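Before any comments, here is the structure.
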Amino acid sequence: MTSTEMRAGAGGAERATLALAFDLDGPTGDAMLSGALWGKPGYFALGAYGPHRAMPRILDILAGHGLKATFFTPSWVVEQWPALARRMQEEGHELAHHGHRHEVFFTKTDEEQLAILHRSQEVFRQILGAPGTGFRAPSGDWHPRTASLLAESGFLYSSSLRNGDLPFRHADNGLVELPAKSLFDDYTCFAYHRAPNFPSGLDRVAHYRPVFDGWRDEILAAADDGLLVSTIWHPKVIGTPGRALLLDELLGTLKDTGRVDITTCHAVASAWNERNPR
């Protein structure tokens, strides 16, 4: 893949841009796609904690700081929690696409990928009144054709890849990419649960404060070079009471430094696109 990288449109000298992004998966994912979810209420409850319990807490934190965020949301979750989706929209947050039921795009044909994108956009139109402009590949797994299909379907940007800390444009189709890093994925630190055991490959949860301190240090270091940071936070993971307290503290600290522009992915992609036309 070729691309054009330009610092303009990231934070600029001595400032970082934080594309504040959450993946609001709900109970979607492998268990739903296989059908196993419906025989395992523990799995359903684990996923539903995000929209049902964590999201009101996170929205209150964002409102307290006057911040707007992007929520990459499977359209099935929008269908099941329409009042929450409308609240997010009314409070100025961006809802962007994350599949219909958190499908793995890597295994899909062009036709199957387009069917998911079109179904998701139809749900957004029906419940939110407008299509989404952004996309994050569920689990970060996409097909080599996904970027072109997104561009052909009218999407402005993706935040799916893990290959950099500056926005760039996919040269063969014009799609703007806001890359993220796995170190900003809260799953790697906090996701493990018992009964059910999930994720099966993990067996412990990290101490909270060192993780949040590491995120703070990485974001402030990005300001030295005017870089982009895009988070991969999951409400059902980061939105527990103890972690939410530290999230509140982290956002306040970053604002107080005056060195971090915190905004939505759409705002970052739009500004970068205007400053770096094809």
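The values are calculated or read from the model by the stated rules, or taken from the named source; none is laboratory data. Just so it is clear, the model here is predicted, and its values are computed rather than measured. Heads up, the Cβs are rebuilt from the backbone with ideal geometry, glycines too, and the neighbour counts pull from every protein chain shown. Only protein heavy atoms, including side chains, enter the accessible area calculation; ligands, DNA and RNA are left aside. Shrake-Rupley method; radii C 1.70, N 1.55, O 1.52, S 1.80 Å.
For the chain, carbon and sulfur atoms together expose 51% of the accessible surface, with a 1.4 angstrom probe and every protein chain in place. Applying a length cut-off of 20 Å (Cα extent along the axis) and a mean Kyte-Doolittle floor of -1.0 to the DSSP H helices of the chain leaves 110-128, 208-224, 241-257.
Segment 239-277 and segment 83-101 have Cα centres separated by 17 Å. Taking every DSSP helix (H) stretch of at least 4 residues in the chain, weighting each as -39,500 (n - 2.57) and dividing the sum by the residue count yields a mean residue ellipticity at 222 nm of -12500 deg cm²/dmol. Rolling a 1.4 angstrom probe over the protein heavy atoms with all chains in place gives segment 44-122 an accessible area of 41 Å² per residue. Take LYS68: with every protein chain present and a 1.4 Å probe, its accessible area is about 90 Å².
In Å², what does the accessible area per residue of segment 126-250 work out to with a 1.4 Å probe?
39 Å²
Using C-alpha pairs below 8 Å separated by at least 6 residues, the relative contact order for segment 124-278 is 21 percent. Taking all protein chains as shown and a probe of 1.4 angstrom, VAL104 keeps an accessible surface of around 40 Å². With all protein chains in place and ligands, DNA and RNA left out, the 1.4 Å accessible area ranks TRP272, TRP38 as TRP38, TRP272, largest first.
Treating only the Cβ atoms of Lys and Arg (+1) and Asp and Glu (-1) as charged, compute the dipole magnitude of segment 218-274 about its Cα centre; round to the nearest 20 debye.
280 debye
With a Förster radius of 25 Å applied to the beta-carbon distance between LYS255 and ARG119, the computed FRET efficiency rounds to 0.10. Of the residues LEU67, ALA48, GLY29, the one whose Cα sits farthest towards the positive end of the charge dipole of segment 8-87 is LEU67 (charges of +1 on Lys and Arg Cβ, -1 on Asp and Glu Cβ, taken about the Cα centre).
Along the chain, the exposed loop sites are GluC sites (Glu not before Pro) outside DSSP states H, G, I, E and B with at most 16 other Cβ atoms within 10 Å, and the longest stretch free of them is 92-278.
Restricting the calculation to Cα atoms, segment 58-215 shows an Rg/Rh of 0.98 when the hydrodynamic-style radius is the Kirkwood one. In a simple Cβ point-charge model (Lys, Arg +1; Asp, Glu -1; nothing else charged), the chain has a dipole of about 480 debye relative to its Cα centre.
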